[in-house]
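No lab work stands behind these numbers, since they all come straight from the coordinates. Here the structure is a predicted model, which is why all the values come from computation and not from measurement. As a convention, Cβ positions derive from the backbone with ideal geometry for all residues, glycine included, and neighbour counts pool all protein chains shown.
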Amino acid sequence: MNILVLGGGGREHALAWAIAQNPKCDRLIVAPGNAGIAALAECVALDILDGAAVVEFCAAQSIDFVVIGPEAPLAAGVADALAAAGIPAFGPSAAAARLEASKTFTKEVCDACGAPTAAWARFTDAAAAEHYIRAQGAPIVVKADGLAAGKGVVVAMSVDEAVAAVREMFAGSLGAAGASVVIEEFMAGEEASFFILCDGTTVLPIGTAQDHKRVGDGDTGPNTGGMGAYSPAPVLTPAIQAQVIDEIVKPTVAEMARRGTPYRGVLYAGLMIENGRARLVEYNVRFGDPECQVLMMRLGAQALDLLLACAEGRLDQMQVLWADDHALTVVMAAKGYPGSYLKGSVIGGLDTLPEDSRHMVFHAGTAVKNGAVVATGGRVLNVTARGATLAEARDEAYRMVAGIDWPDGFCRRDIGWRAL
Ligand code: AMP
Ligand code: GLY
């Protein structure tokens, strides 16, 4: 098969790495890719938000299957354009991608199907929102309705902080994404992520993970896109996974089908677990980044078979073959991230590290310049290892980190602490 992966981050490097191991994969193209992906696939420049351009490229290159990595092309309808052209693709339609693109939509779906989540209200003007916040008290959570690149959520510990967040959003700080605001009950507990393939009817769990959103050790400092992850997440016990499937995932999938917008793709359920029960924090309509890196390391080549079966509506025939082990990834970021950071610093030592089914450095923001790998983004590398235990996976990953010579980069030193 000729396979096209859309995206160019650590998530897409991990997807490409797993797909390339499957004998069904004859030719692998990634758009736009990055320096790490270039070692195992052809990287091409293509406007991945332009459905017509993606379809044209697929026709010209005889692409048999497209895997859409990030949310932006999904929300832009690239999966719809591919479906209309008869090209098999992994990823939901734009209508189904509203589960990530609109907080209000997700809350309405949860209410319609009875999925447990935080109590909420939606506002389109600041005065009414402020009145509600003062009546509810703090802590309370303020969310811009639309996609805001991870900047749309303020967990406010005081009423003043919540009111300030609402005023900023209505003043246009997040553009159109903040024109409508959801205000939610604060949920206490431990967060974890659950990844479930859905083909419109059948749901197939493919793994659990825990992310580390704060930039600093001990979960301190500002939020980031994720500084590290591990899989499985022990907090998501088999009993809680069953509760999530029965009370949240299956009802959501049934509600989406009932609305005429069946969900096909990976459903990433962000969950809050307290007293042995999970409630939904949010859905994403794609794999998490860096959670995908640990999931792909554990799934390996079978990932392609699972994604294909998902796209073709055959999940009822599939089974996930689990290795009984653990994977952990440490994100290395450019100094200054998530604030401003320098681009172009040289990264050494990568060619001294092992690259096999238990060790991989997945690249995010990298490029090759004058023969050297240089950093081009905030999150730059995902140093990933497997082990029989989580502690072993962590030790292996940090051993690899020690072999990387990048004075302008940094990482958290405590990935995995909650589970260890
Ligand atoms: P979201 O973009 O909806 O995932 O929110 C980003 C982060 O904000 C989540 O991962 C949680 O850590 C936190 N958060 C969101 N909603 C709530 C809530 N209702 N209660 C507590 N924390 C929340
Ligand atoms: N790591 C969080 C996300 O992908 O949204």
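Remarks
- When only alpha carbons are used to place a centre, the range 61-76 and the range 88-135 end up 25 Å from one another.
- Exposure proxy for PHE195, PHE186, PHE287: other Cβ atoms within 10 Å of each Cβ, ordered fewest to most, give PHE186, PHE195, PHE287.
- Of LYS107/LYS213; LYS143/LYS335; LYS103/LYS151; LYS143/LYS250, those spanning more than 21 Å from alpha-carbon to alpha-carbon: LYS107/LYS213; LYS143/LYS335; LYS143/LYS250
- Prolate/oblate/rounded call for the range 130-202, Cα gyration tensor, a/c under 1.5 rounded: oblate
- Summary of the geometry: the range 163-193 and the range 328-374, compared by the centres of their Cα atoms, lie 32 Å apart.
- Neighbour-count ranking [beta-carbon atoms within 10 angstrom, fewest first] of ARG358, ARG413: ARG413, ARG358
- The chain, relative contact order in percent, only Cα pairs under 8 angstrom and at least six apart counted: 17
- Full extension of the chain between GLU190 and ALA39 yields a length gain of 50.6 nm, computed as 0.36 nm times the residue separation minus the alpha carbon distance.
- Where both bridge residues fall in the range 1-160, DSSP classifies roughly 20% of the beta bridges as antiparallel.
- Extended-chain gain in nm, criterion 0.36 nm per residue less alpha-carbon gap, GLN319 and SER173: 48.0 nm
- The range 144-297: translational diffusion in µm²/s, Stokes-Einstein, Kirkwood Rh over Cα pairs, 10 °C, 1.306 mPa s: 94
- Along its first, second and third principal axes, ordered by size, the range 94-175 spans 35, 27, 20 Å in Cα coordinates.
- Selected from THR252, THR117, THR220 as most flexible by GNM, with the chain as the system and alpha-carbon contacts under 10 Å: THR220
- A simple spin-label model places pseudo-atoms 7 Å from Cα toward Cβ; at ASP305 and GLU392 they are separated by 2.4 nm.
- By other beta-carbon atoms within 10 Å, ranking ASP145, ASP125 with the fewest at the front produces ASP125, ASP145.
- For VAL142, net neighbour charge (Lys/Arg +1, Asp/Glu -1) across residues whose Cβ lies under 9 Å away: -1
- ALA367 paired with ASP50, simple spin-label distance in nm, labels 7 Å along Cα-to-beta-carbon: 1.9
- Top of ARG11, ARG167, ARG214 by mean-square fluctuation, Gaussian network on the chain, Cα under 10 Å: ARG167
- Only Cα pairs under 8 Å and 6+ residues apart enter the sum, and on that basis the relative contact order of the range 272-420 stands at 27 percent.
- Cα convex hull of the chain - mean projected area over all directions, nm²: 19.2
- Whether the range 306-395 is rounded, prolate or oblate, judged on the alpha carbon gyration tensor where a/c under 1.5 counts as rounded: prolate
- Cross-link partners of LYS369 among lysines, defined as those whose alpha carbon lies under 18 angstrom from its own and excluding same-chain residues fewer than eight positions apart: LYS343.
- Estimated from helices alone, the mean residue ellipticity of the chain at 222 nm is -8000 deg cm²/dmol (sum of -39500 (n - 2.57) over DSSP H runs with n ≥ 4, per residue).
- Integer Hz, Karplus 6.51/-1.76/1.60 couplings in order for the range 69-80, x for Gly and Pro: x, x, 6, 4, x, 5, 5, 7, x, 5, 5, 5
- Beta bridges from DSSP with both residues in the chain: antiparallel share about 80 percent, rounded to the nearest 5.
- Hydrodynamic analysis of the range 45-152 uses the Kirkwood radius over alpha carbon pairs. Inserted into Stokes-Einstein at 25 °C and 0.890 mPa s, it gives a translational diffusion coefficient of 151 µm²/s.
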